[in-house]
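Step one of this worksheet: look at the structure below.
The values are calculated or read from the model by the stated rules, or taken from the named source; none is laboratory data. These numbers were taken from a predicted model, which means no experiment stands behind them. Heads up, the Cβs are rebuilt from the backbone with ideal geometry, glycines too, and the neighbour counts pull from every protein chain shown.
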Amino acid sequence: MALGLVVMLLGASVVLAQGGGETTPPSVREVTADEVNAISSKLYCPVCENIPLDVCGTQACARWRAQVRTLLEGGASEDEVITYFVDQFGERVIGTPQNPTLNFLSWSVPIAGVVLGVVAVGVIFIRWRGQRGSAVRPAGESEEEATLDDDYRARLERELRSSK
């Protein structure tokens with residue numbers, strides 16, 4: 001019996017010596033402040049309104065920047081860090097919508113509005129230029145009265161030129 005106990009202890013020490021049950025910690029990558037700020041500038045503070053995470057001065061933002069550093073040191077990519085924050089706080093922490101349809105609309109609607117505005121101004125300008133040369137008669141004035149009025153203006157302009 002004692003011999004069996006000794007054999008079991010020796011067998012267990014051989015298994016432990018091989019390191020079968022141990023795990024080595026993953027290598028920690030050196031993360032610069034520029035890398036943290038590059039990702040933090042794409043995230044918005046969930047507490048403050050419309051302030052990027054990299055410039056927000058609250059204690060909560062300092063902890064979230066530290067969390068960005070920790071995730072990067074653990075080997076997470078930029079997209080994984082952003083996804084982590086979206087999962088934690090919702091899509092309000094990113095500046096652009098993640099839904100492709102909303103992203104398309106957020107870019108196309110303002111552009112379409114500007115194009116339509118330019119076209120409308122152009123049409124109005126062209127119409128205005130076309131009407132500028134024609135005299136508008138007052139309501140109730142006949143064609144004959146308009147002709148007499150034109151003759152009077154022409155004669156008045158000739159007299160003014162000749163008096164100089």
| request: For segment 55-66, indicate whether the set of residues that are in contact (Cβ under 8 Å) with a residue 40 or more places away in the chain, under 21 Å from Asp34 (Cα atoms) and of a type outside the set (Lys, Arg) is non-empty. | output: no
| query | Do you know which of the residues in segment 45-101 that are of a type in the set (Ser, Thr, Tyr) and assigned to a loop (DSSP other than H, G, I, E, B) is surrounded by the most Cβ atoms within 10 Å (Cβ to Cβ)? | reply | Thr58
| query | Which of (1) in the same structural domain as Ala38 (by TED's automatic domain parsing); (2) on the phi < 0 side of the Ramachandran plot; (3) surrounded by fewer than 13 Cβ atoms within 10 Å (Cβ to Cβ) does Trp107 not meet, given it meets every other one? | reply | (1)
